[in-house]
Amino acid sequence: MNIEKRLKTLLGDANVEVNKPLKNHTYTRLGGNADYFVTPKTAEQVQEVVRLANECDIPFMLLGNGSNLIIKDGGIRGIVMYLGEFNEIEVVDTTVRAQSGALIADVSKEALHYHLTGLEFACGIPGSVGGALFMNAGAYGGEIKDVLKEAIVITPDGELLTIQAEDLHLSYRTSSIQTNGYIVLEALFELEVGKYGEIKSMMDVLTYKRESKQPLEYPTCGSVFKRPPGNFAGKLIQDSGLQGVQIGGAEVSKKHAGFIINKDEATASEYIALIKHVQKVVKENFDVELEREVRIIGEDK
Ligand code: FAD
């Protein structure tokens with residue numbers, strides 16, 4: 001039986017798409033198609049897909065909310081797994097259990113609803129819970145590491161595990177979810193009781209900061225680069241006079257130098273070429289290597 005048939009037998013015809021365009025699944029609106037795009041509905045189905053991919057020696061990857069990804073123009077070979085159906089959020093006392101496909105911003109709002117403090121920093125991060133754990137997402141002094149208690153994951157062999165947060169080695173935009181190839185299914189956050197008004201006004205302040213400083217009106221991947229030690233990527237890029245520089249339809253944002261926008265139907269190769277150009281110029285000017293925060297995946301055309 002071919003892969004398409006086997007996936008459809010496992011997941012049902014409606015949950016397997018072949019040669020699926022991924023552009024609209026990413027915030028940069030870039031990239032080609034996935035060979036197979038699957039949307040499992042249960043943990044068992046995720047495990048089955050992993051086992052099938054291993055048995056047939058086909059690569060597979062997880063797609064969250066596509067806010068930290070550049071997919072190359074040639075698309076992705078193998079299986080792209082999308083867990084958008086895993087989107088429940090449940091609050092019990094001071095703990096919030098959230099499935100991987102829920103948006104971290106929605107988890108933050110749910111915490112507010114129950115007067116729980118700790119996740120205000122995440123109110124404007126456009127990622128899923130799975131992507132937020134994978135990246136140890138953070139903003140304005142807070143990060144996932146501060147509030148995560150444990151996660152339920154599936155290993156690359158298809159085994160279901162509950163892992164304590166300290167064993168996930170969360171640090172600046174990295175985690176052992178990345179290095180071990182775990183699939184995040186669920187996260188348990190431990191928060192504290194706070195005052196609704198204070199939590200809400202903090203979220204309003206952070207939202208205002210984000211909206212006034214970031215070019216959210218354009219497709220973008222957020223901060224392209226990690227913060228170099230003792231410095232700021234945006235400042236180095238600004239001081240290099242790179243704001244407004246374009247390659248094809250990609251442009252270094254004039255509003256926030258740390259962002260590259262897809263201004264006019266850019267291709268992924270143009271966007272990536274601009275990233276490399278920025279890295280080269282900053283290295284020449286300041287002898288600083290800018291490390292990418294955004295992940296680039298897939299094949300060239
Ligand atoms: P994706 O982009 O879909 O994927 C990112 C990586 O996570 C991929 O390698 C993917 O395979 C992996 N992944 C996704 N889901 C899972 C899963 N269930 N299990 C295992 N691996 C998985 N980030 C910050 O930290 N702070 C910010 O303030 C911030 N602001 C942003 C603002 C804008 C406008 C944008 C576009 C992005 C911003 N980001 C920020 C980046 C991004 O939102 C975060 O990195 C986010 O955590 C990515 O989540 P995602 O679901 O979109 O992941």
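Coordinate-derived values only; no laboratory data. Every value quoted in this text rests on a predicted model; they were computed, and no experiment measured them. Glycine gets a Cβ as well: all are built from the backbone with ideal geometry, and neighbour counts include every protein chain shown.
Its residues counted as N, the stretch 89-212 yields a C-alpha radius of gyration over 2.2 N^0.38 Å of 1.01.
Using a Gaussian network model of the chain in which every pair of alpha carbons under 10 angstrom is joined by a spring, one finds that among 72, 213, 255 the greatest mean-square fluctuation is at 213. Only Cα sites of the stretch 146-234 enter the Debye sum here, all with the same form factor; the resulting log10 I(q)/I(0) across q = 0.12, 0.18, 0.24 1/Å is -0.63, -1.07, -1.09, listed in q order.
Applying the Karplus relation 6.51 cos²θ - 1.76 cosθ + 1.60 with θ = phi - 60° to the stretch 166-178 yields 3J(HN,Hα) values of 5, 8, 9, 6, 6, 8, 3, 6, 8, 6, 6, 4, 5 Hz, where x marks Gly and Pro.
Can you bin the stretch 17-96 into rounded, prolate or oblate? Criterion: square roots of the alpha carbon gyration tensor eigenvalues sorted a ≥ b ≥ c, rounded for a/c under 1.5, prolate for a/b above b/c, oblate for the rest. Note, shape of the stretch 17-96 comes out oblate. Each Lys or Arg adds one and each Asp or Glu takes one away; over the other residues whose Cβ falls under 13 Å from the Cβ of residue 190, this sums to -2. Each residue of the stretch 19-26 is assigned a 3J(HN,Hα), and the resulting list reads 6, 7, x, 10, 2, 7, 9, 10 Hz, derived from the Karplus form 6.51 cos²θ - 1.76 cosθ + 1.60 (θ = phi - 60°), x at Gly and Pro. Residue-wise HN-Hα couplings along the stretch 6-18, as the Karplus relation 6.51 cos²θ - 1.76 cosθ + 1.60 with θ = phi - 60° gives them from phi, are 5, 5, 5, 5, 6, 10, x, 4, 5, 9, 10, 10, 10 Hz; Gly and Pro carry x. A Gaussian network model of the chain, with springs between Cα atoms under 10 Å, assigns the largest mean-square fluctuation among 183, 76, 152 to 152. Please give the Cα centre distance for the stretch 91-123 versus the stretch 255-292, rounded to the nearest Å. Comparing the Cα centres of the stretch 91-123 and the stretch 255-292, I get a distance of 33 Å. Enter the Cα centre distance for the pair the stretch 228-246 and the stretch 1-77, rounded to the nearest angstrom. If you average the Cα positions of each part, the centres end up 36 Å apart.
Extension gain, residue 246 to residue 280, is 10.8 nm, computed as 0.36 nm per intervening residue step minus the present C-alpha separation.
Reported value for the stretch 143-301: 159 Å³ per residue, from the convex hull of its C-alpha atoms.
The spacing between the stretch 168-184 and the stretch 185-207, judged by their C-alpha centroids, is 23 Å. Springs join every pair of Cα atoms under 10 Å in this Gaussian network model of the chain, and among 98, 122, 139 the largest mean-square fluctuation is at 139. Building the convex hull from the alpha-carbon atoms of the stretch 215-297 and averaging its projection over directions returns 4.9 nm². The charge dipole of the stretch 89-212, taken about the Cα centre with unit charges on the Cβ atoms of Lys, Arg (+1) and Asp, Glu (-1), comes to about 420 debye, rounded to the nearest 20. Each semi-axis of the equivalent ellipsoid for the chain is √(5λ) with λ an eigenvalue of the Cα gyration tensor; in descending order they amount to 30, 27, 16 Å. In the chain, helices alone account for a calculated mean residue ellipticity at 222 nm of -9000 deg cm²/dmol, with every DSSP H run of four or more residues adding -39,500 (n - 2.57).
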